[in-house]
Amino acid sequence: MAEIIAIVNQKGGVGKTTSAVNVAACLAAAGQTTLLIDADPQGNSTSGLGISKANLQKSFYHLLMDEARLEDIVMDTPVANLHILPANRDLLGVDHDLAVKEARETQLKRLLDSQLRRPDGSDKYNFVIIDSPPNLNILAINIMAAASRLIIPTPPEYLPLEGLADLIDTFKRVRATVNPRLSILGVLITMYMATNNLSKEVTQNLRQNMGQLVFDTIIPKNVRLAEAPSFCVPIIMYDPRSAGSLSYQAVTREIMDRVGLK
């Protein structure tokens, strides 16, 4: 089955969308057919790959409400092997709309389970990467219920770490109730500044407390990474030799290794 990896953190501004877009692009560049699901009402993964949110006829919202099928919404991107299920502000009211659904917490899982395979039983994608919203609402629970693994991006600062325990508690509840196969693939340190003592201190604490769950690769704070979305391409297309690009290529190799792909 396709590896469904959700990029999750209930705090905004931690590098979630940057990680989702660039990991998905690096997987695709490595020959893995990849679907990026933009599940954030801000739709930054969508616009960051050159798709106009204002002109969408159908979006992730319509899949989630069972009003359109996956193949009718998925769009191509500038990266070969990478497709996107786009999102826009339609998702802002999704918690209210999901609340009236039967088995509301597993709505997305049911839809993906039924639509990610071809009629002959083969998988349409090797990887599905989900860019999650910055909260722990019903949509976020749906995403965890549908995923096989989680990646948790976090800057090496103390405030973002405060919510990490809450996120792990939610992960444990989801695994105990609706998705026993869910696991944490890794914690990804983002926005790292090598000259900042706080970055070094928090990174050391993370590695001491979470051990091998923390990826070896660290994503630096990088101007080229910040610029790439305005050019509507991932970093491997915008500046493939930049520190940000090389870091995302490296962590993608770690991801493939951790899921058993060499």
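The values are calculated or read from the model by the stated rules, or taken from the named source; none is laboratory data. The model shown is predicted, which means the values in this text are computed figures rather than measured ones. Cβ sites come from the backbone with ideal geometry, for glycine too, and all protein chains shown count toward neighbours. Just the protein is used for accessible areas: all its heavy atoms, side chains included, with ligands, DNA and RNA removed. Shrake-Rupley method; radii C 1.70, N 1.55, O 1.52, S 1.80 Å.
Numbers at a glance
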| read-out | value |
| --- | --- |
| Residues being in a loop (DSSP other than H, G, I, E, B) and surrounded by 16 or more Cβ atoms within 10 Å (Cβ to Cβ) - total across the range 208-231 | 6 |
| Pair list, Cβ under 6 Å, 6 or more apart: the range 237-254 residue aromatic (Phe, Trp, Tyr), other residue surrounded by fewer than 21 Cβ atoms within 10 Å (Cβ to Cβ) | 238/231 |
| Count - residues of the range 99-120 that are open to solvent by less than 40 Å² (accessible area, probe 1.4 Å) and not in a helix (DSSP H, G or I) | 1 |
| Count of the range 90-109 residues which are under 16 Å from residue 178 (Cα atoms), under 19 Å from the mean Cα position of the chain (by Cα) and not β-branched (Val, Ile, Thr) | 4 |
| Identity of the residue in the range 48-67, assigned to a loop (DSSP other than H, G, I, E, B) and under 23 Å from residue 105 (Cβ atoms), that ends up most open to solvent (accessible area, probe 1.4 Å) | 67 |
| Residue count for the range 29-47, restricted to those that are assigned to a helix (DSSP H, G or I) and under 14 Å from the mean Cα position of the chain (by Cα) | 3 |
| Matching entry among 236, 184 (being closer than 21 Å to residue 27 by Cα and either of a type outside the set (A, V, I, L, M, F, W, C) or surrounded by 21 or more Cβ atoms within 10 Å (Cβ to Cβ) (or both)) | 236 |
| Leading residue by the ranking (farthest from residue 229 (Cα to Cα)) among those in the range 1-47 that are crowded, with 24+ Cβ neighbours inside 10 Å and small (Gly, Ala, Ser) | 6 |
| Identity of the residue in the range 144-198, in contact with a Ser or Thr (Cβ under 6 Å, 6 or more places away or on another chain) and in a helix (DSSP H, G or I), that ends up modelled with the lowest pLDDT | 160 |
| Output for the range 232-242, where each listed residue is hydroxyl-bearing (Ser, Thr, Tyr) and in a loop (DSSP other than H, G, I, E, B) | 242 |
